[in-house]
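K.L.:
Okay, handing you the structure first.
The values are calculated or read from the model by the stated rules, or taken from the named source; none is laboratory data. Quick caveat, the model's predicted, so the values are computed rather than measured. Neighbour counts run over all protein chains shown; Cβ positions are idealised from the backbone, glycine included.
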Amino acid sequence: MISQHIFNTIISFLLLTRGSGGAKPCISIDVRGHCYQIVDTNTTWAAASRICKENDGHLIFIETAEEQQVIKGQMQKRNFTADALWIGSANVHAEDGPRWQNGESFTYVNWAKGEPNNPREEETCAEIRTYDFKWNDKSCTLHKGYICEKTDDFNTCTTVGNIRHCYQIVQDEITWLQASKSCSQIGGMLVTIESIAEQQFIKDQMQNKTFTVEGLWIGANKLHPENQRTWANGHRFTYANWAKGEPNNKPYVENCTEISTSDFTWNDQECSNQKGYICEFPRVSLKIRTNIIDNRKIFSITYRHLIFAYVLIWSIMFATYVLHKHIHEMQS
Ligand SMILES: [Ca+2]
Ligand SMILES: [Ca+2]
Ligand SMILES: [Ca+2]
Ligand SMILES: [Ca+2]
């Protein structure tokens, strides 16, 4: 229920219009903004994919029930000439399950009943039907409309080492535990501020906002048995930005931590108070993901080569044995 509330807040927070090629609805689903362009010009999957790429995007990856819901809402507002629109997978029947065009496996599916059925083994592309919004595998050369997606960070992400950290500031006032749960429901955790650089980045984010709340929960707490202050991700406390006189643990129950929306210093605070909060989403950068995919490809090629070599050697040995036997029989 909380996650639905957050979701609605986020949706109402951002409804942007951008791009020169006509209005594109942009919606913040996770920490990123997702802009969609629904096109009713019928073309093949490959052509649709190319057009999306030319516009710095890709055919849509529908990765969560929320994203499906957003798209369904957008599609319901329109009439289509085609019975379906292409979405971003031409690899529905990959050996280890369907994959999006970026190599990621499906984390959410909405197949129609009996699909993907792949009759005649030519339905490798994925489409979303315009009448019931269910998905189906279909032959890639057919002509359909399509949906492009573009992902924007809205400047809420920064890269530390190889990891990209994205942050979402939420102004709903809830307890520390509820906030912690809400962050995990949208795939993150309460923010861990573990360096001056991270504090500075979050401060920059907060300075761009107008706040209706005085404090935001962050992921530091003393809730675990040893009564030591740790981060929600289990990391030790190596950096802090306490306000003057804090943490004062008054009156001995201030086990959680907030960051001030006015001077960005920290204060220990009673966990059952109601505050806004900041979620953090560590993400592996796109570059690393590509490398992982490449390694997998290299591995599968090497593996196939090994099997081929193995079969070849055994065939040669068997042929030699038969030949020897034949010669031996001829001689005797
Ligand atoms: Ca998506
Ligand atoms: Ca099908
Ligand atoms: Ca962090
Ligand atoms: Ca305090």
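K.L.:
Out of the stretch 217-229, which residues are surrounded by 17 or more Cβ atoms within 10 Å (Cβ to Cβ) and over 23 Å from M206 (Cβ atoms)? Write out each step before concluding.
P.N.:
First, the residues of the stretch 217-229 that are surrounded by 17 or more Cβ atoms within 10 Å (Cβ to Cβ): 217-222, 229.
The answer is K222, and nothing else.
K.L.:
Considering the stretch 111-130 alone, what residues qualify as being over 17 Å from I62 (Cα atoms) and either more than 9 Å from ligand 2 (Cβ to nearest atom) or hydroxyl-bearing (S, T, Y) (or both)? Before you say what the answer is, go through the steps one by one.
P.N.:
Residues of the stretch 111-130 over 17 Å from I62 (Cα atoms): 113-114, 117-123.
The answer is K113, R120, E121, E122.
K.L.:
Looking at the structure I just gave you, is R78 part of a loop (DSSP other than H, G, I, E, B) and basic (K, R)? Talk me through it step by step, then tell me what you get.
P.N.:
On the way: part of a loop (DSSP other than H, G, I, E, B): yes; basic (K, R): yes.
Yes.
K.L.:
Taking the options K203, K209, K244, K250, name whichever one is within 27 Å of E67 (Cβ to Cβ), away from ligand 2 (no atom under 16 Å from the Cβ) and charged (D, E, K, R).
P.N.:
Values: K203 fails: within 27 Å of E67 (Cβ to Cβ); K244 fails: within 27 Å of E67 (Cβ to Cβ); K250 fails: within 27 Å of E67 (Cβ to Cβ).
Going through K203, K209, K244, K250 in turn, just one is within 27 Å of E67 (Cβ to Cβ), away from ligand 2 (no atom under 16 Å from the Cβ) and charged (D, E, K, R): K209.
K.L.:
Could you list all residues from the stretch 239-256 that are within 15 Å of V191 (Cβ to Cβ) and either surrounded by fewer than 13 Cβ atoms within 10 Å (Cβ to Cβ) or free of Cβ contacts under 8 Å to residues at least 60 places away in the same chain (or both)?
P.N.:
Step one: of the stretch 239-256, the residues within 15 Å of V191 (Cβ to Cβ) are 239-241, 256.
Residues satisfying the conditions are Y239, A240, N241.
K.L.:
Could I ask something else about it? Among all residue pairs at least 6 apart or on different chains, which show Cβ distances below 9 Å where the first residue, located in the stretch 84-99, is of a type in the set (D, E, K, R) and the second is in a loop (DSSP other than H, G, I, E, B)?
P.N.:
Taking only residues 6 or more apart or on different chains, the pairs are R99/S89; R99/V92; R99/F106.
K.L.:
A further question on this structure: So for the stretch 104-126 (the condition being outside any strand (DSSP E or B), more than 19 Å from the chain's Cα centre (by Cα) and closer than 18 Å to K72 by Cα), does at least one residue qualify? Let's see the steps before the verdict.
P.N.:
Of all residues in the stretch 104-126, those outside any strand (DSSP E or B) come to 104, 106-110, 112-124.
Cutting the leftovers down to more than 19 Å from the chain's Cα centre (by Cα) gives us 112-124.
So of that shortlist, the ones also closer than 18 Å to K72 by Cα come out as 112-113.
Yes; the residues of the stretch 104-126 include at least one that is outside any strand (DSSP E or B), more than 19 Å from the chain's Cα centre (by Cα) and closer than 18 Å to K72 by Cα.
K.L.:
Mind checking which residues of the stretch 195-222 are under 13 Å from Y167 (Cα atoms), in a helix (DSSP H, G or I) and within 11 Å of ligand 3 (Cβ to nearest atom)?
P.N.:
E198, Q199, F201, I202
K.L.:
Sticking with this structure for a sec: Would you call L142 within 14 Å of ligand 2 (Cβ to nearest atom), modelled with pLDDT of 95 or more, touching a helix residue (DSSP H, G or I) at 6+ places or on another chain (Cβ under 9 Å) and not acidic (D, E)?
P.N.:
Details: within 14 Å of ligand 2 (Cβ to nearest atom): yes; modelled with pLDDT of 95 or more: yes; touching a helix residue (DSSP H, G or I) at 6+ places or on another chain (Cβ under 9 Å): yes; not acidic (D, E): yes.
Against the criterion (within 14 Å of ligand 2 (Cβ to nearest atom), modelled with pLDDT of 95 or more, touching a helix residue (DSSP H, G or I) at 6+ places or on another chain (Cβ under 9 Å) and not acidic (D, E)), L142 qualifies.
K.L.:
In the stretch 248-268, which residue that is away from ligand 3 (no atom under 16 Å from the Cβ) and touching a Pro at 6+ places or on another chain (Cβ under 9 Å) is modelled with the lowest pLDDT?
P.N.:
Among those residues, the one meeting the criterion is E254.
K.L.:
Now, a different point. Say we look at the stretch 167-194 and pick out the residues that are in a helix (DSSP H, G or I) and within 16 Å of ligand 3 (Cβ to nearest atom); which of these is farthest from T265 (Cα to Cα)?
P.N.:
Here is the first cut: in the stretch 167-194, the ones in a helix (DSSP H, G or I) are 176-185.
In the following step, the residues that additionally are within 16 Å of ligand 3 (Cβ to nearest atom) were identified as 179-180, 183-184.
Values: A179: 19, S180: 20, C183: 22, S184: 24 Å.
Checked the stretch 167-194; the qualifying residue farthest from T265 (Cα to Cα) is S184.
K.L.:
Do we have W135 as away from ligand 1 (no atom under 15 Å from the Cβ), of a type in the set (F, W, Y) and under 26 Å from K77 (Cα atoms) here?
P.N.:
Numbers: away from ligand 1 (no atom under 15 Å from the Cβ): no; of a type in the set (F, W, Y): yes; under 26 Å from K77 (Cα atoms): yes.
No.
K.L.:
Any residue in the stretch 190-215 that's among the small types (G, A, S): show its pairings with residues that are within 12 Å of ligand 3 (Cβ to nearest atom) at Cβ separation under 6 Å, as long as the two are six or more apart or on different chains.
P.N.:
If the second residue must be within 12 Å of ligand 3 (Cβ to nearest atom), the pairs left are S195/Y239.
K.L.:
OK, next. Hey, any hits in the stretch 92-112 for a residue that's touching a Ser or Thr at 6+ places or on another chain (Cβ under 8 Å) and among the basic types (K, R)?
P.N.:
So far as the stretch 92-112 goes, yes, one or more of its residues are touching a Ser or Thr at 6+ places or on another chain (Cβ under 8 Å) and among the basic types (K, R).
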